[in-house]
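The values are calculated or read from the model by the stated rules, or taken from the named source; none is laboratory data. Note that this is a predicted model, so its numbers are computed, not measured. As a convention, Cβ positions derive from the backbone with ideal geometry for all residues, glycine included, and neighbour counts pool all protein chains shown. In case anyone asks, the SASA skips ligands and DNA or RNA and just uses the protein heavy atoms, side chains included. Shrake-Rupley method; radii C 1.70, N 1.55, O 1.52, S 1.80 Å.
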Amino acid sequence: GDLPTPTPSAGVSLGGTGLTSGSGAVNFGTTLTTAGGGAAVDRVLTVTNQGAAALHLGAFDALPAGFSIASGFGATTLAPGASTTFTVEMSAATAGNFGGTLRFHSDDPNANPFTLTLQGTVTAPVAPSAPTIATDPTGQTVTAGSPVTFSVAASASPSTWRVLERVDHSIVPQAAVA
């Protein structure tokens, strides 16, 4: 009888975990905007030829908003068992929930294009709000040179602030303490 013709087969993995074309997802997690101290998030994916013939990798389709190819395939022809990597980047330039489909083409007869879902979130930092400061007891009279005890309660986010005591002994918030 005739033997089947050897064919290539693209396998994709992220951190050693296999991803299935059509149902695999690459999660970029959550990062702050670059203006808020965050940075773009990269994911390095590995393509392995799991078939018995050379695998030829082609182009990527346009990526969804917020994502780009940071580095393309290291090799575009993979012998059986050989692998290469490519890097997808989620931008941190703009806050929002980002997602969509990554597609790349090859001569794999069963997964052309190979498709994966991309998802990630970029958040803007929350500006700290000045605390409300209450002193207890209020309006007490202090004799010069006499000790006085009072408490200060501050409610804000973040909860730790530097305060300034003015010449008139009023207390005002100055800056959040990281």
Round to the nearest 10 and report in Å² the accessible area of residue 108, as given by a 1.4 Å probe over the protein chains' heavy atoms. 10
Report, largest value first, the span of the C-alpha coordinates of segment 6-47 along each principal axis, in whole Å. 52, 16, 15
Karplus-derived HN-Hα couplings along segment 107-120 (A = 6.51, B = -1.76, C = 1.60, θ = phi - 60°), whole Hz, x at Gly and Pro: 9, 5, x, 10, 8, 9, x, 7, 10, 9, 8, 10, 8, x
Distance in Å, no decimals, from the C-alpha centre of segment 1-28 to the one of segment 53-102 is 14
Please sort 20-33, 40-53 by packing, taking for each peptide the average over its residues of neighbouring beta carbons within 10 angstrom, highest first. 40-53, 20-33
Radius ratio Rg over Rh of segment 1-127, counting only Cα atoms, Kirkwood formula for Rh: 1.08
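In Å³ and rounded to a whole number, note down the convex hull volume per residue for the Cα atoms of segment 72-133.
Details: hull volume 8.3 nm³, N = 62.
Dividing the Cα hull volume of segment 72-133 by its residues yields 134 Å³.
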